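Beneath this line is the structure, given in structure tokens, with notes to follow.
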Amino acid sequence: MKEKLKKLKHFTTVSFAVWPFDPKKDTKKIHSRIVIIGLNPSAKVKFGENFHKEGHQFDKLYKKGFSKLPFVGSFMTDLIFHHEPNSKVIIKKWKKGEFRRKNIRNLERQFKILGVKESTPILCIGRSTEKFFSCSFPKFRYIFGINHPNSYRMNNNRNIFLRDLKKAGEKITRQISK
């Protein structure tokens, strides 16, 4: 995994479900048996920071949910490497062919380095992420989706997101064990 991490360092959106993530110390904890994909980073990130930014509103929630099995140690990245806090802007850009193709190639390179297979379970955060990934990577057989935490607009929303994430993890575990 050390060699793979060296190759991944120039991809700013790459991270793993380990908190805190230290690429020098965590090589035995990380894997690509499950891939977690967000739409795009909402702020500028460097290698290893994505989903781990201190003070970012959802990153504490991701830490709480993804630090548990089956997700702990999983490869985490974004479908789109361009940082933008407004997802509507990103969705509009995605519809432009060259922008989309450039981001797909970027993700394909990450998958190639890690040896991600078409049978690897993919968990997409957000319905737009799930839709765009499914259309762009139709050969992947096990795509799971969960609503983005921002879409939970009710009392106890954080706990409901964590409950839904746990259910997705159970589905993924059943799929892996087949």
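The values are calculated or read from the model by the stated rules, or taken from the named source; none is laboratory data. Quick caveat: nothing in here was measured; it's all calculated off a predicted structure. Note that each Cβ is placed from the backbone with ideal geometry, even for glycine, and that neighbours are counted across all protein chains shown.
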Worksheet, complete the sentence: Of the residues in segment 39-67 that are small (Gly, Ala, Ser) and in a loop (DSSP other than H, G, I, E, B), the one that is nearest to LEU165 (Cα to Cα) is SER67
Practice prompt. Report yes if some residue within segment 9-18 is more than 28 Å from LYS93 (Cβ to Cβ) and not in a helix (DSSP H, G or I); otherwise report no.
Written response: yes
Discussion item. Residue under question is LYS46, and the condition is that it be closer than 20 Å to ILE176 by Cα and surrounded by fewer than 15 Cβ atoms within 10 Å (Cβ to Cβ); does it hold?
Written reply: no
Practice prompt. Just need a number here: residues in segment 14-36 that are under 23 Å from SER119 (Cβ atoms) and hydroxyl-bearing (Ser, Thr, Tyr).
Written response: 2
Worksheet item: Out of (1) surrounded by fewer than 20 Cβ atoms within 10 Å (Cβ to Cβ); (2) modelled with pLDDT under 95, what's the single condition that is false for PHE11?
Response: (2)
Worksheet item: Which members of segment 50-89 meet the condition of being among the hydrophobic types (A, V, I, L, M, F, W, C) and within 16 Å of the chain's Cα centre (by Cα)?
Response: PHE51, PHE58, LEU61, PHE66, LEU69, PHE71, VAL72, PHE75, MET76, LEU79, ILE80, PHE81
Item to complete: Name the residue, out of SER42, SER15, that is small (Gly, Ala, Ser), more than 18 Å from CYS135 (Cα to Cα) and in contact with a Pro (Cβ under 6 Å, 6 or more places away or on another chain).
Response: SER42
Worksheet entry | Options PHE16, PHE71, PHE51; residue that is in contact with a Gly (Cβ under 9 Å, 6 or more places away or on another chain), more than 21 Å from ASN103 (Cβ to Cβ) and of a type in the set (A, V, I, L, M, F, W, C) | PHE71
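For segment 12-29, how many residues are in contact (Cβ under 8 Å) with a residue 60 or more places away in the chain and farther than 24 Å from LEU165 by Cβ?
1
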